[in-house]
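S.K.: One structure, pasted below without further comment.
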Number of protein chains: 2
Amino acid sequence: MKLSNGIEWVLHCCVTLSQAQGPVPAQRLAELHDIPPAYLAKHLQVLSRAGVVHSSQGQDGGYGLTRPPGEISVLDVVAAIDGPGGFFRCTEIRKRGPLAAAPERCTTRCSIARAMADAELAWNEALSKITIADLAENIDADSGGTALGDVREWLEAR
Amino acid sequence: MKLSNGIEWVLHCCVTLSQAQGPVPAQRLAELHDIPPAYLAKHLQVLSRAGVVHSSQGQDGGYGLTRPPGEISVLDVVAAIDGPGGFFRCTEIRKRGPLAAAPERCTTRCSIARAMADAELAWNEALSKITIADLAENIDADSGGTALGDVREWLEAR
DNA sequence: GTTTGTCTACTCGGATAGTATATGTCCGAGTTTAGCGGG
DNA sequence: CCCGCTAAACTCGGACATATACTATCCGAGTAGACAAAC
């Protein structure tokens with residue numbers, strides 16, 4: 001099971017957008033990261049529908065964050081791209097076969113489903129603790145404090 | 001992103017095997033859970049290669065756990081079926097595009113990759129805390145204490 | 001009665017098709033901006 | 001000089017092909033037990 005590559009792309013894009021003053025076209029975001037523009041656009045549309053970013057059309061249009069970067073968690077982005085529903089789906093096989101459990105006895109969820117749900121909860125909580133602002137800060141620190149400035153400069157230039 | 005259905009199947013099968021005295025054929029495990037026998041066999045082969053179960057051929061052959069159920073974690077099973085490598089794969093797009101980071105500056109992992117790795121660690125830890133024995137105990141409790149006995153009886157019959 | 005050999009039935013194991021999801025691409029609908037003409 | 005109109009260029013949005021991985025299945029290799037015959 002592998003996560004979509006788009007998740008990495010849009011996370012980088014969100015960090016970039018957090019440094020932008022105005023709207024940034026998908027074309028330009030793709031150029032900055034050297035990734036397929038059309039496919040990135042598809043993922044940005046999903047983010048737009050999820051309410052993480054907003055789009056403006058026409059000349060000088062593009063994408064922008066709907067909230068301050070400190071209020072957008074990595075979980076918001078991952079959940080939007082990955083879609084609804086968790087990793088694990090219980091098919092209730094305990095209700096099948098020669099020893100099928102009677103439906104009236106299945107008042108609680110299968111213990112296997114509970115175990116997987118707990119793990120997903122741990123995953124979600126870990127991702128919800130990190131925001132786009134945290135990512136930007138760390139990226140800047142890793143680069144020695146020049147990365148974000150370079151991005152802002154590149155965005156200003158045309 | 002969805003986990004394979006086989007994970008649910010083999011987890012149930014491991015609980016069943018924890019109640020067996022001798023080897024249980026894949027055919028019989030499939031019959032008990034009402035699932036495609038050939039496809040289940042494929043997943044059991046993977047578990048066998050991972051060392052979670054061992055197989056014996058010939059008449060009265062079948063599968064059995066290699067260790068006591070209390071020493072087999074859910075993570076062992078999930079990791080075996082899901083294969084090596086985590087959910088997220090970093091493609092190092094920071095090294096691409098007009099603002100590519102110099103390779104010598106990339107001494108540490110990208111902060112995005114770190115965030116995802118932390119979340120995967122939380123997921124893994126949650127799964128490693130639960131064993132097959134825990135699952136069996138909970139299933140028995142949910143059924144009012146009759147499920148495991150029924151399974152043992154059904155395995156003995158025939 | 002014991003032993004040995006064969007033989008059969010049963011098991012796993014990997015190689016082989018079909019289907020859903022992820023990846024990648026394209027062109028059309030809509031909007032904003034700029035330019036132009038008129039007042 | 002200001003206002004309104006027109007037109008063009010640029011944007012997003014959803015519809016359309018391709019690649020990868022999950023789902024499902026089959027048949028062959030190998031082994032353990034059962035049976036029969038010989039000693």
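The values are calculated or read from the model by the stated rules, or taken from the named source; none is laboratory data. These numbers come from a predicted model, not from an experiment. Note: ideal-geometry Cβ built from the backbone for every residue, glycine included; neighbour counts use all protein chains shown. SASA here: full protein model, heavy atoms, side chains in, ligands and nucleic acids out. Shrake-Rupley method; radii C 1.70, N 1.55, O 1.52, S 1.80 Å.
S.K.: Going by the structure shown, is B:Leu44 more than 16 Å from DNA strand D (Cβ to nearest atom) and under 25 Å from B:Leu148 (Cα atoms)?
M.R.: Judged against the criteria, B:Leu44 is not a match.
S.K.: Right, here's the next one. Looking for whichever is within 16 Å of DNA strand D (Cβ to nearest atom), touching a residue at least 12 places away in the same chain (Cβ under 8 Å), open to solvent by less than 50 Å² (accessible area, probe 1.4 Å) and out of contact with any Phe, Trp or Tyr (no Cβ under 9 Å at 6 or more places or on another chain) here; the options are A:Gly62, A:Gly97, A:Gly70. Which one fits?
M.R.: A:Gly62
S.K.: Let me ask you something else. Scan segment A:100-122 for residues that are under 18 Å from B:Glu8 (Cβ atoms), open to solvent by less than 40 Å² (accessible area, probe 1.4 Å) and not in a helix (DSSP H, G or I) and jot them down.
M.R.: A:Ala101, A:Cys106, A:Cys110
S.K.: Considering every residue within segment B:80-88, establish whether at least one is open to solvent by 70 Å² or more (accessible area, probe 1.4 Å), without any contact (Cβ under 8 Å) to a residue 24 or more places away in the chain and outside any loop (DSSP other than H, G, I, E, B).
M.R.: Within segment B:80-88, not a single residue is open to solvent by 70 Å² or more (accessible area, probe 1.4 Å), without any contact (Cβ under 8 Å) to a residue 24 or more places away in the chain and outside any loop (DSSP other than H, G, I, E, B).
S.K.: Just checking, which of A:Ala117, A:Ala141 is free of Cβ contacts under 8 Å to residues at least 24 places away in the same chain and of a type in the set (A, V, I, L, M)?
M.R.: A:Ala141
S.K.: Taking segment A:123-137, which residues are surrounded by 19 or more Cβ atoms within 10 Å (Cβ to Cβ) and facing another protein chain (nearest Cβ under 8 Å)?
M.R.: A:Trp123, A:Ala126, A:Leu127, A:Ile130, A:Leu135
S.K.: Sticking with this one: For A:Asn5, work out the one condition from (1) within 9 Å of DNA strand C (Cβ to nearest atom); (2) open to solvent by 20 Å² or more (accessible area, probe 1.4 Å); (3) touching a Leu at 6+ places or on another chain (Cβ under 8 Å) it doesn't fulfil.
M.R.: Looking at each condition in turn, A:Asn5 falls short on (3).
S.K.: Please determine whether any residue of segment A:41-57 is over 18 Å from the mean Cα position of the chain (by Cα) and touching a residue at least 24 places away in the same chain (Cβ under 8 Å).
M.R.: Looking through segment A:41-57, at least one residue is over 18 Å from the mean Cα position of the chain (by Cα) and touching a residue at least 24 places away in the same chain (Cβ under 8 Å).
S.K.: Give the residues of segment A:43-59 that are within 14 Å of DNA strand C (Cβ to nearest atom) and either open to solvent by 30 Å² or more (accessible area, probe 1.4 Å) or more than 18 Å from A:Ala30 (Cβ to Cβ) (or both), sorted by residue number.
M.R.: A:Gln45, A:Val46, A:Ser48, A:His54, A:Ser55, A:Ser56, A:Gln57, A:Gly58, A:Gln59 - these are the residues of segment A:43-59 that are within 14 Å of DNA strand C (Cβ to nearest atom) and either open to solvent by 30 Å² or more (accessible area, probe 1.4 Å) or more than 18 Å from A:Ala30 (Cβ to Cβ) (or both).
S.K.: Would it be correct to say that A:Asp150 is in a helix (DSSP H, G or I), within 8 Å of chain B (Cβ to nearest Cβ) and either under 30 Å from B:Trp9 (Cβ atoms) or under 25 Å from the mean Cα position of the chain (by Cα) (or both)?
M.R.: Yes; evaluated as a whole, the condition is true for this residue.
S.K.: Next question. Would you say B:Arg28 is more than 14 Å from the chain's Cα centre (by Cα), assigned to a helix (DSSP H, G or I) and within 11 Å of DNA strand C (Cβ to nearest atom)?
M.R.: Values: more than 14 Å from the chain's Cα centre (by Cα): yes; assigned to a helix (DSSP H, G or I): yes; within 11 Å of DNA strand C (Cβ to nearest atom): yes.
It is true that B:Arg28 is more than 14 Å from the chain's Cα centre (by Cα), assigned to a helix (DSSP H, G or I) and within 11 Å of DNA strand C (Cβ to nearest atom).
S.K.: Please state which one of B:Pro69, B:Pro84, B:Pro98 is more than 11 Å from every other protein chain (Cβ to nearest Cβ) and more than 30 Å from B:Gln21 (Cβ to Cβ).
M.R.: Testing whether each residue is more than 11 Å from every other protein chain (Cβ to nearest Cβ) and more than 30 Å from B:Gln21 (Cβ to Cβ) leaves just B:Pro84.
S.K.: Return the only residue of B:Leu17, B:Leu11 being open to solvent by less than 20 Å² (accessible area, probe 1.4 Å), within 19 Å of the chain's Cα centre (by Cα) and within 13 Å of DNA strand C (Cβ to nearest atom).
M.R.: Matching residue, one of B:Leu17, B:Leu11: B:Leu17.
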